[in-house]
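Only one structure is covered here, and it is reproduced in the block below.
Only the coordinates and a few stated rules stand behind these numbers; no lab work does. None of these values were measured; they are calculated from a predicted model. All Cβ positions, glycine included, derive from the backbone under ideal geometry; neighbour counts span all protein chains shown.
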Amino acid sequence: MSSRPELKEEDESSFCKFFRNLPQKDDTIRIFDRGDYYSSHGEDAKFIANHVYRTTAVIRKLGREPGLESVTMTVTVFRNFLRESLFRLGKRIEIWQTSGRMTWKVAKQASPGNLQDIEEELGGQVENAPMMLAVKVSSKAGESRNVGVCFADASVRELGVTEFLDNDLYSNFESLLIQLGVKECLIQVDNTKKDVDLSKLRTIADNCGCAVAERGAADFGTKDIDQDLPRLLKDERALGTLPQTDLKLAMGAAAALIKHLGVMADCSNFGQYQLYQHDLSQYMRLDSAALKALNLMPGPRDGTKTMSLYGLLNHCKTPTGSRLLAQWLKQPLMNIDDIERRQQLVEAFANDTELRQTMQEEHLRSIPDLYRLAKKFQRKVANLEDVVRAYQVVIRLPGFIQAFESVMDDQYRDPLDAEYTEKLRGFDASFAKLQEMVETTVDLDALDNHEFIIKSEFDEGLGAIRKRLDRLKREMNDEHASVGRDLNQDTEKKLFLENHRVHGWCFRLTRTEAGCIRGKKQYQECSTQKNGVYFTTSSLQAKRRDFDQLSETYNRTQSGLVNEVVTVASSYIPVVEKLAAVLAHLDVIVAFAHVSVHAPTSYTRPRMHPRGTGNTILKEARHPCLEMQDDVSFITNDVRLVRGSSEFCIITGPNMGGKSTYIRQIGVIALMAQLGCFVPASEAELTIFDCILARVGASDSQIKGVSTFMAEMLETANILKSATKESLIIIDELGRGTSTYDGFGLAWAISEYIVNEIGAFALFATHFHELTALVKTYPQVQNLHVVAHISEGTEDSGSGVQQKREVTLLYKVDEGVCDQSFGIHVAELVRFPQKVINMAKRKADELEDFSGKQEDGYVQASKEEVEEGSRLLKKVLLTWKEEVESKGLTKTQQVQRMKELVLGEDALMINPFFKSVQALGRTPRVMRHGRLDPAVVAASGDKIPLAHTLLLYCGNKLKVQLKLSISRLRMVQQKDSAKAKQQRREMAQLLEAGKLQSARIRVENIIRSDITTELHEILELYCELLLARSQLLDPPSSPSTPANTIPLDPALEEAVRSIIYAAPRTEIKELHAVRALLVDKFGKEVALASMEGEGVAERVEKKLRAETPKPELVDAYLTEIARFYGVPYGEPEPSQSDEEDNDEPSGGIVEKNPKEREPALEADPKASRKEEEEEELVKATPPKKFGPQSPLRVVPPSPSTDNVTPKLKLPGSAAAKLSASNVEAKKPEAKKEDSLGKIPDVDELAKRFAALKR
C-alpha cells in the first residue's frame, strides 16, 4: 500500500480531542477532506480498513498513546468506498472540511436515498434513481392499517404522495417499496420497542434492501408543511387548493422527508419540485420474494449479464434509458390500452431493422445523461462544456425527426408520430434560441482540441489574445517539424505534439523510437509511460509558458460572458427534463425490440385479455434468461392455465428435472407481457394479473431468528392474505423445513384454500406426490409431471454383474403424475460412495414395502375408536408420569411400571385402534407429526421399551447432531485447505515479484484462516469424543452438586464446555444445534459459566481471540512459503535445531506416521454385506484419508499459529529432501513440546480419545 497517502496533521492532539468529543451516530461514517486525499478515524477507520483494504495493517495511530486509529484514502479509493458503502452496505456518509485551524464542519452529507451533495464524487455512475421514502401509519385494533407515504427523487425534483389501506403484513407497503425502487426509508422512532407495526415496517424495508432511518414523532408533524411545501413547488397555487393536501398521513410523511433532505436550506430548490399522487393500483404488485424468484434485478453473484431479466433487456444506449428500464421492471402495467400501445411501438422497431439500428447506433448512443446535466444547471455548477453538451443534443433532434418521418408503413407511423415525432418537433422549436446563442458565442472550431471558449470575435479583448495564442500555436507546430527533421522521425506517425495534463505542451515519441533522443542535451526527457516517452526543448518550454499565461488571461476575460451564456442555458432546464423523459422512453422501447429480434428464437407479441377474463396459454414457451446461457439448448414447453379446468397445476417429477424452471418462466413471461415487451414463445395469450406472488427456494436468517420453515410460512402467509382471483401464485417445494407429516398437511390445506377461497391461477411444484389426489375432488386442479426416461441395464462391478437403472431427464412437462423423485439418482450424479448408494436403495425399498403393507393396518379404526384409544393412552401416561416423579424410579423401574400399566388396562388392550398399532410389528412409526407417538410406543410391549425411548430420545438426537457437526467440520476443513493452497501460491508470486508490503498484509488473512482451521480440528475431536461416550453424558446427579458444575470425566467436561463456548463464535449451524442440546441437558448455569471461560480449553479460548498477528509470526510464514516455492525472501541461516527438527508438515501439529497408526479392527469374515453398508451409511462422512498424499496435491502447510519460531520441513524444500530409508529410520517423537512448554491440546485430545475408544 505504498501509494496510500500519509496522514499529516499539524496539531495532532487538538484534532484527536476534537474527534473524540463528536457524538456517536449509528450507521454513519465520517470522512475528513484533506485536500488531495481523505482520512477517517476511530471505529470508522477500522470499518474502512476491513471493507476497503481488507486488512488492519493500514491503520496508523495519530497522536499520543493510546493514539487515534486513522486510515487515509486516495481520491480514487474514496470514490470506490462511496459506491460500496452507499449502494451495497446502506451506510450514511458525512464529509467534513476545514476552513482554518481546527474549524472542521460538515460540508456534505449522503445516504442511499440522498446523493445530491456527492454527485460529482460519484461521477454520475448511479444505475438507479436514489429514491427516499417516509412512512406514517395509523392503526386501530381489529381494523386495517391506514398507511401514508411521501417519496422523493431529488435527481429529477419530484415529490410523490399516496395513502392506502393495508393488512397486518403490510403487503401493499412492500409492493410500493418494490415499485419505486426505494433506497432509504424514514420511519418514526420506537422508543418503547413495543410497537409491532413499526417493527414490521422496519423488517419489510430491510427485506427490500432499503436503509432505515428513524426520526422522532415531532418530525412527522404537519405544522410547517403549509409554508414549506408551496415554496418548493412549481405550481404557485395555495396549498389548500391542491387535492393531495387532503392526505393527512402523507402530509406528515412529507414534513419528515423535507426536513431530512434539507431542501429548504438551499434556495435553488425553491419552485423546482413537482407534486403528484401515486396510484398503487395502476401497476402490478410485486413483493421481495417475487423479485428474487423471477431474477428481475442482477445480484452480487450473477456470473453473466443475462442471468437477470434486467441484464437481458438492458440494451439501452443512454443512462436515462437504463434507469427507466429498472423502473419499468418493478412497475408492470395493468391497463390493457397502455400495454398494447407499448407493444405497437416495439413491433414497429422490431419490423423496421433500418430504423432500429439508426436509433441505436447513430442517435441514442451520443445522448448524455440529461437528468444529471439539468441538475448541474439547477445547482449552478454548470460550465461552458455543459452548455456545449446540451447544444450537441439539440442539433441531433432533426436526425431523430427525419428517421421517424422515413417510416412508410401507416400501421406504425401514426403511433410513432403520437409518441415521439410530434414531441421532438416541439422540442426542436423550443431549443432554436439556445442553438442560435451557442453558435453565436461559442467557438465550436476549438472543440476539436477539447477547448471550450467564447468566440474571439464576440469581444475585442478576446480577439487580441486569440491572435497571440494562434501565433504561439503556429510556432510550436514549427518547432514540432524542426525536431522531426533533426531526429529523422515522422511527425504524423511517430513524433507527436501533445498537451499533457501534467507537463503541458510537449513532444511524445513511441517507445521503440525513444533511443534517438538519448545523449542529446537539447532534449529534456519528462517521463516514460505506456504510450511513449515525453520530452521537450528549451524553445518549446518558453512557448508553453507564454501559451499557458495567455490561456489564463483569455479565461479570465471570457468568464463574465461564460456566466451569461450558462445563465441563459439554465432557463431551458424544464424543457431538457421533458426531452430526457421522451428519449429514455424511446431507448427502452428500442431495447425491447432489439432483444425480441436477436434472441436465439425470436420473441412473439402476446395477445392480452382484460383483467379477470381470458386464459393464459403459451406455445413452446422458454425461459428468456436460461436460453441465452452458453452451451444451453433449451427445451420448450407448453402452458395451459384455463379457468375451470387447469387453474391450479401441481407439478411433480424428479429432482433437477426442470420443475422450478417451468413455473418461474411462466412468471417471467407474464411480467414481460405486462411491460409491453414481446415474450419467448411461438404463440402467447395472457390475462392481466394484478400481482405475482412467489414462494421459491429455501433460506434462513440466523441473525433475525428466522428458520427455513419460518421463512416459508411468512412468505406463504403473505400470499394467502394478499392474493386475489386475478393473481398469479408460484409455489416451489412448500413444507420441506419441517416433518414430512406436518409439511404435507400444510401443503394440502394451503392448496385447498387457494382452490376454494382464492381461485387464482397457481402453479405448485412439489415432491408430495399425495397432493395429486386433489384432482379427484376439484375439477379445476390439473396434474403435470416432468418426464424422465428410465432404462434398465447391467454393469460389471468386479464382484459380479449387477442390475443398473439409468435415468435420463428430458425436461419436458406433460400431463399426469410422477410418483418418484429420483433423489438417489442425484446422489449418484455427485459421486456418493457406492456402498452408501446401495444402502440407500435398500432402505428406500424397505420403507416403500412398509408403507404399502403396514399403513393400512394402522388406520383401520373408526374416529370414535381412535379417540377412545387416545384417551386411554393419555390416562396411562399421566399415571405413569405421576408415579415416576413422586417415587423417583430408576430407568428399569420406569420401563417395567409402564408395561404393567398398559397390560393392566383391559379397555385399552381390546381397543381396535390399539390393536392396529400392534400390527406395525418390529418397525413402528415412533415419531408422528413431529412428536413421539405414545400409542405406537405403548402398544409395542416388549418390542419397544417406551420409557427407555422417551428418556433416550434427546440423547439420540444429540448423536445425530454430533455426526452432522463432524461431517460439516470436515467439509469446511477440506474447503479451507484447498483455499489455503491457492493463497500460498499467490503469496509466493507476490514475493517473487518483489511486492513485499502487499505480501505482509495478505499473509495475515492466511494466518487467521489457519487459526480457524485449527479450531475446527479441535472441535471435530471434541465432537468425536462426545459421540463415542454419549452414554456417559447422563450421570446421576446429587442434590449437593452445584448448578454450574458438570459431574463428568474431566475430558468430557472440557469437551462440553468448550463446544458451548466456541459454537456461537463459529458459522457451523450443526454445531449450534449441538450446543443447544448440551445447554438443555446440563442447564443454563453451566452454559453461563462456560461462556465466561470456566473449564474451557485454553487453546480454544486463544484461537477465538481477535488479535493482530505478531511481526515474528508473519516473517515465519513468509519464510516457509518462500522456502517451499523456492522464491527469495531473505531466509534465516539454518540452525542446529532446524536440522534436527522432525516435525511433520501439519501446521505445527505433530501427527503419527500413517504406517504407525493403530491398526484397524479386522472385519468379521462372517459379517454380511448389508451390515457393512449400514455401518458406512451411519457415518456422517467418509473417514479421513490416512494414506500418504500425492506431492502434486500437498498444500504447503503453515507454521503453527501459536509458535512464532516454527520448525517445519515443508514438502519439496531443501531441508525436507530425505531419502525413504532415512524417513523410516527417523520416526517422529511421541511427544513434542511447543513454545509454551506443554503438549498441544490437539495431540493430547487425540491420544485421550484413542484411549477412550480402546
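Which value, in nm² and rounded to one decimal, describes the direction-averaged projected area of the C-alpha convex hull of the range 49-202?
Over all viewing directions, the range 49-202 projects a mean Cα-hull area of 13.1 nm².
Give me the log10 of I(q) over I(0) for the range 456-559 at q = 0.18 Å⁻¹, as the Debye formula computes it from C-alpha points; what are the numbers?
Results for the range 456-559 at q = 0.18 Å⁻¹ read -0.84.
Expected output is a single nm value to one decimal: the length gained when fully extending between Glu752 and Ser538, i.e. 0.36 nm times separation in residues minus the C-alpha distance. What is it?
Computed gain between Glu752 and Ser538 is 67.9 nm.
Note down the nm distance, to one decimal, between modelled labels 7 Å out along Cα→Cβ at Ala827 and at Lys493.
It is 7.2 nm.
With r as the distance between the Cβ atoms of Glu84 and Lys467 and R0 = 41 Å, compute the FRET efficiency 1/(1 + (r/R0)^6) and round to 0.05.
0.20
Less than 16 Å from a label point 7 Å out along the Cα-to-Cβ axis of Asn531: which backbone N atoms in the range 487-514 qualify, by residue?
492-512
Fully extended, how many nm does the chain gain between Arg379 and Val75 (0.36 nm per residue separation, minus their Cα-Cα distance)?
Gain in length upon complete extension: 107.2 nm.
For the range 587-675, what D do you get in µm² per second when you plug the Kirkwood radius from alpha-carbon pairs into Stokes-Einstein at 25 °C and 0.890 mPa s?
167
Across all directions of projection, what mean area in square nanometres is found for the Cα convex hull of the range 308-421?
For the range 308-421, averaging the hull's shadow over all directions gives 8.7 nm².
Any number yet on Rg/Rh for the range 12-110, C-alpha, Kirkwood?
Result for the range 12-110 is an Rg/Rh of 0.93.
For Cα pairs less than 8 Å apart in space and 6+ apart in sequence, what is the mean separation divided by the residue count of the range 131-282, i.e. the relative contact order in percent? Kindly include the intermediate steps, with their values, before the conclusion.
Working: 265 pairs, mean separation 47.0, N = 152.
Answer for the range 131-282 is 31 percent.
Report the FRET efficiency, 1/(1 + (r/R0)^6), for Glu436 and Val1127, where r is their Cβ-Cβ distance and R0 is 60 Å, rounded to 0.05.
Calculated value: 0.30.
In what sequence, highest mean first, do 530-543, 753-766 appear when ranked by Cβ atoms within 10 angstrom?
753-766, 530-543
Give me the dipole magnitude in Debye, nearest 20, for the range 1-120 about the Cα centre, with unit charges on the beta carbon: positive for Lys and Arg, negative for Asp and Glu.
In total the dipole reaches around 180 debye.
With charges set only on the Cβ (+1 for Lys and Arg, -1 for Asp and Glu), what does the dipole of the range 617-831 come to about its Cα centre, in debye to the nearest 20?
I would put it at about 360 debye.
What is the spread of the Cα atoms of the range 330-393 along each of their three principal axes, largest first, in whole Å?
Projected onto the principal axes, the Cα atoms of the range 330-393 cover 44, 31, 16 Å.
How far apart, in nm, are two points set 7 Å out from the Cα along the Cα-to-Cβ line at Val642 and at Glu1067?
Placing both labels 7 Å beyond Cα along the Cβ direction yields 5.1 nm.
For a Förster distance of 51 Å, can you work out the FRET efficiency between the beta-carbons of Asp228 and Arg54, rounded to the nearest 0.05?
Step by step, r from the Cβ atoms, then E = 0.70.
What share of Cα pairs, in percent, lie more than 21 angstrom apart in the range 617-831? Working shown, then result.
Details: 13372 of 23005 pairs.
So the pairs more than 21 Å apart make up 58 percent of the total in the range 617-831.
Within the set of other residues whose C-beta is less than 14 Å from the C-beta of Tyr283, count the net charge using Lys and Arg as +1 and Asp and Glu as -1.
Summing Lys/Arg as +1 and Asp/Glu as -1 gives -2.
If you place +1 on the Cβ of every Lys and Arg, -1 on the Cβ of every Asp and Glu, and leave all else neutral, what size is the dipole of the range 246-316 about its Cα centre, to the nearest 20 Debye?
On the way: 6 positive and 5 negative charges, 46 e Å.
With Lys and Arg at +1 and Asp and Glu at -1, about 220 debye.
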